[in-house]
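Comments concern the structure below.
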Amino acid sequence: MVAMALLMKGSVVACAASLNVQASAPLPVRVVVVTTFELGHDSGDLPGEFQNWVEKLPLSEGFPAPGMAHEVLRYNPNLHVLGVVSGEGPTHMAEAMTALSLDPRFDLHHAYFVLAGIAGIDPRAGTVATAAWAEHVVNGGIAHLIDAREIPSSWSDGFTPVQGSTPDERPRPPIHSIAGDMLFTLKPSLVQWAYRLTQNVILPDNQKLIMMRQPYKNFPHALDRAHVIMGDTLSTEIFWVGARMNDWAERWVRYWTDGQGRMATTAEEDVALCQALTLQGKSGRVDPQRILILRTASNFDMPPPGRQPASMLVDEEHEENFAGLYASTDSAYRVASPVVKELATHWGYYETHVP
């Protein structure tokens, strides 16, 4: 009887504690800063995408992150900004965004999602450390592919849409279908607002970056100093490299956007971010019209004239040849943080008015 009484008492206490947790109001979130990886610790060592936000915004409070690859979420209680590390790749991103959207600890109904991550850049669009706000996110991971040694001589490359048999299938298949989500267009006025707010931000430059861009003699934008641009992103988890693949990427973006998009950066996670938040938006948990994607260039996606693509893979094995990593993570914070601070500090307006 004593044991039973103690068991019942313990159950009552546990139930009361559970009810107390459930009854507590969720933390208000004005902006979710989404990053994809961190190197080592969240602070105090070599920075990945997340560390600048933790140390400089700052994101001072930590919470467990169940269902995510990175075990900690970080929060600024004054600005009501939440920081997330999704983990690299579309699977990790989809898992993280779904887990966060379903987390009862946070009120995300009106939150803006700002992805601030690094990427490869098309030398026709920009240079290393360039920051590009994307209006279109194109899926480069769903396609038919014929090996380059076997494609018809009249084809520009071996890729066709899943619902088509030629590279430029017309009419173009639907962008959302059983074959997959091929295109997400972010709210144009919001993207343009973010660009206007940040277009004059000064981005990093140094001798190593100058040396990286000097060989791109026939690419004026690659030779220019890094600055903020608007340019679309191609999303695929394959780290492709080379001029022929770059030509395909540019064509693929034009194809799925009906000629409205311009490929600038290539990264992994962006389609998964848009997919997950769009699906959660159907239940009203989040607002998919409040997504911003900023990609900053850590490297070119093709070598300069006269070099083979495989040589770039060798270079990137050595940290001293990957100077763009430091510059790109710096650019990401420099450009995205004014947007995050503007939204968070003027919440009385932006809560109900999407720019």
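The numbers here are math on the coordinates, done by the rules we state, and not lab data. Because the structure is predicted, anything quoted here is derived from the model rather than measured. Counting neighbours? That spans all protein chains shown, and the Cβs are built from the backbone with ideal geometry, glycine included.
Summing charges over neighbours of Trp256, with a neighbour being any other residue whose Cβ is under 15 Å away from its Cβ, gives -4 when K and R count +1 and D and E count -1.
Tell me which lysines have Cα within less than 23 Å of Lys282's Cα, excluding those fewer than 8 residues away on the same chain? Hits, sequence-local ones excluded: Lys187.
Computed over the chain, the Cα gyration tensor eigenvalues convert (square root of 5λ each) into semi-axes of 39, 24, 20 Å, ordered from largest to smallest. Computed over the range 22-128, the P(r) curve from all C-alpha pair distances, binned at 5 Å from the origin, holds 2, 12, 22, 25, 18, 10, 6, 3, 1, 0, 0 percent per bin.
With both bridge residues required to lie in the chain, what share of the DSSP beta bridges run antiparallel, to the nearest 5%? Show your work: numbers first, answer last.
Working: 19 of 49 bridges.
Taking every DSSP beta bridge within the chain, about 40 percent pair in antiparallel fashion.
Length, then width, then depth: along the principal axes, the Cα atoms of the range 267-355 run 53, 28, 21 Å. Ordering Gly87, Gln163, Val191 by the projection of their Cα atoms onto the charge dipole of the chain, which places +1 on the Cβ of Lys and Arg and -1 on the Cβ of Asp and Glu, puts Val191 at the extreme positive end. Quick one, what does Rg over Rh come out to for the range 154-270 if you take C-alpha atoms and the Kirkwood Rh? Rg divided by Rh gives 1.01.
Let me check I've understood the local charge: for Phe63, count other residues with C-beta under 12 angstrom from its C-beta, Lys and Arg +1, Asp and Glu -1. What total comes out?
Around Phe63, the surrounding residues sum to -1.
Helix 324-345 axis versus longest C-alpha principal axis of the chain: approximately 50°, rounded to the nearest ten.
Where q = 0.16 Å⁻¹, what log10 of I(q)/I(0) comes from the Debye formula for the range 61-103, counting one point per Cα? Treating every Cα as an identical point scatterer, log10 I(q)/I(0) equals -0.38. For the range 190-250, the square roots a ≥ b ≥ c of the C-alpha gyration tensor eigenvalues yield an a/c of 1.5 or more together with a/b not exceeding b/c, which makes the shape oblate.
Full extension of the segment from Phe63 to Trp155, taken as 0.36 nm per residue of separation minus the current Cα-Cα distance, would add 28.0 nm. The sum of -39500 (n - 2.57) across all DSSP H runs of n ≥ 4, divided by the residue count of the chain, sets its helix-only mean residue ellipticity at 222 nm to -10500 deg cm²/dmol. Any idea what log10 I(q)/I(0) is at q = 0.12, 0.18, 0.21 Å⁻¹ for the range 92-230, Debye with uniform C-alpha scatterers and no solvent? Log10 of I(q)/I(0), two decimals: -0.78, -1.18, -1.22.
Residues considered: Gly126, Gly62, Gly40. Largest GNM mean-square fluctuation over the chain, using C-alpha springs under 10 Å, is found at Gly40. Under 23 Å Cα-Cα from Lys208, which lysines qualify once same-chain neighbours fewer than 8 residues away are excluded? Qualifying lysines at Cα under 23 Å: Lys217.
Taking 20 °C and 1.002 mPa s as conditions, the range 230-308 diffuses translationally at an estimated 151 µm²/s according to Stokes-Einstein applied to its Kirkwood radius (Cα pairs).
Annotation: Cα Rg of the range 75-125 relative to the compact-globule expectation 2.2 N^0.38 Å equals 1.42.
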